[in-house]
Amino acid sequence: MSQPDRSRGSELSLPELGIALSKSQPAPSAELGARIRTECTKDLQPARGLSPLARVGISLVAMLAVCAFVLLKRPSGATSSVLLGIAGWVVVMVGVLLAGASPKRLPRQLRLAIAVLVPVAFFGSLALFSSEWLPLGAFMTEHAHAAAGCSQQAMLFGALTSGIMLFTWRGTDPFSPALTGSLLGLGGGVAGALAIGVACPSGETWHLWLGHGIGVVLFAAVGSLIGRRWLAP
Amino acid sequence: MAESVELQDSALSDCTIEQLMERYVDGAELAFDELYRRTSQKIFGYLLRLTRHRERAEDLLQITFSKIHRARARYLRGAPFLPWALAIARRSFLDERRSAKSRHEDLSYDGTLPEPKQQEGGLSLDVQDALERAVMELPQSYREAIELTKVTGLSVAEAAEVLGTTPTAVKLRVHRGYNQLRAALSDFKRDAK
């Protein structure tokens with residue numbers, strides 16, 4: 001390891017810079033080391049946690065169980081096209097889950113893009129599948145009450161799913177817990193929206209956006225806040 | 001079981017950091033000792049540059065290892081240990097800073113700006129000392145990028161993961177930080193003449 005050339009103070013190269021800084025790297029005190037050792041080795045037992053695969057499995061079961069529960073209770077009016085759309089979104093949900101929580105982490109920009117684009121695409125698909133459109137004023141005076149009821153149920157299912165997923169993945173991501181939390185919340189929010197989508201016969205655009213879709217955005221945001229605390233070790 | 005753990009401990013010096021962590025997860029105390037010996041200085045150096053305060057850095061080092069201990073069951077076997085540990089250290093620092101906003105990192109406990117560290121007899125002519133002080137003057141993002149890549153020895157991709165940014169951004173921060181260091185050391189050289 002060569003010494004930096006002290007006669008050329010302004011000419012340090014990058015490797016020299018690293019060497020020079022490393023040489024001045026201070027060590028923690030021995031007393032602190034002893035304290036840490038005591039804390040970290042007291043009654044040390046083998047630690048067994050859930051594997052990443054098990055966590056993915058639990059999250060998938062939570063998402064699919066919510067959809068399946070409502071699917072079984074669905075009114076007879078649910079059409080095959082709606083079910084097909086739901087099946088498509090289940091595939092997207094699995095993708096979001098894997099992007100958010102898989103140990104083989106996707107690049108941060110891609111995960112960020114997913115967190116933004118999936119809600120946009122979900123709202124777009126709701127608009128695409130809607131069969132009726134009312135002016136916002138008319139909707140607020142006549143149909144807002146029904147949308148509020150759907151919204152409550154979507155929130156309930158979404159909270160259940162997101163909660164299970166965030167709890168399952170707690171303490172696993174020190175790198176970007178807020179983003180991971182957002183993606184897990186997004187997955188739960190979509191599950192809640194799909195669940196209510198099966199049960200609700202309404203096809204009005206504002207109803208779908210505000211009653212069914214708003215939970216997707218909300219849970220992505222709440223997931224980010226909770227993830228920051230829960231998902232970081 | 002205990003015997004096999006002891007047998008494994010005999011070859012700890014040949015283990016990688018990741019293997020040491022795996023043995024620690026399996027309950028081998030000696031593996032923790034070796035793991036601490038190999039990594040604590042790097043983590044402490046990183047925390048010291050973040051906090052610019054030895055006592056706070058020591059507190060955070062203890063918090064970091066405490067968190068590593070509690071989260072050891074969730075460590076992904078085989079995954080690079082140092083970026084994982086540094087990310088925990090960084091998050092501990094951010095949490096601590098958030099919870100003590102009034103105690104800004106540039107202020108000492110009595111709320112005054114700390115005097116720049118100088119050697120006895122005025123400004124040191126030692127390049128390394130000047131470099132150290134110039135690094136402390138850098139914006140935190142540049143300082144962290146240089147610390148992680150040039151001192152701790154992480155790859156650009158690993159540093160980007162710890163910092164929650166892109167590899168390109170890390171390269172840019174290192175480059176800009178390096179340019180600032182060169183300028184700072186150039187000034188120092190002129191002052192010293």
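The values are calculated or read from the model by the stated rules, or taken from the named source; none is laboratory data. Quantities reported herein were computed from a predicted structural model and do not represent experimental measurements. Positions of Cβ are backbone-derived with ideal geometry, glycine not excepted, and every protein chain shown enters the neighbour counts. In case anyone asks, the SASA skips ligands and DNA or RNA and just uses the protein heavy atoms, side chains included. Shrake-Rupley method; radii C 1.70, N 1.55, O 1.52, S 1.80 Å.
Dipole of the range B:25-78 computed with +1 at Lys/Arg Cβ and -1 at Asp/Glu Cβ about the Cα centre; of B:Ala28, B:Ile43, B:His69, farthest Cα towards the positive end is B:Ile43.
Average 1/r across all pairs of distinct alpha carbons in the range B:1-102, invert it, and you get the Kirkwood radius: 14.3 Å. In this structure B:Tyr142 has an accessible area near 40 Å², from a 1.4 Å probe over the protein heavy atoms.
Interface residues of the range A:218-233, defined as those losing at least 30 Å² of solvent-accessible heavy-atom surface relative to the isolated chain (probe radius 1.4 Å), are listed as A:Arg228, A:Pro233. The fraction of accessible area contributed by carbon and sulfur in the range A:52-230 is 74 percent, rounded to a whole number (1.4 Å probe; ligands and nucleic acids excluded).
Mind checking the mean number of beta-carbon atoms from other chains within 10 Å of the Cβ atoms in B:62-71?
Across B:62-71, the average partner-chain Cβ count within 10 Å equals 5.
Peptide A:34-41 is shielded by partner chain Cβ atoms: per residue, an average of 6 of them sit within 10 Å of its Cβ. Protection proxy ranking for A:151-161, A:39-49, A:211-221, using the average of other Cβ atoms within 10 Å per residue and placing the highest first: A:211-221, A:151-161, A:39-49. Rolling a 1.4 angstrom probe over the protein heavy atoms with all chains in place gives the range A:52-230 an accessible area of 46 Å² per residue.
Quick one: pull the percentage of alpha-carbon pairs in the range A:52-230 with a separation above 28 Å. Considering the range A:52-230, 21 percent of its Cα-Cα pairs are separated by more than 28 Å. Using a 1.4 angstrom probe on protein heavy atoms only, the contact between B and A buries about 5000 square angstrom of accessible area, both sides summed. Note on A:182-194: average number of Cβ atoms from other chains within 10 Å of each residue's Cβ is 0. Atom-type composition of the exposed protein surface of the range B:1-102 places 48 percent of the accessible area on carbon and sulfur (1.4 angstrom probe).
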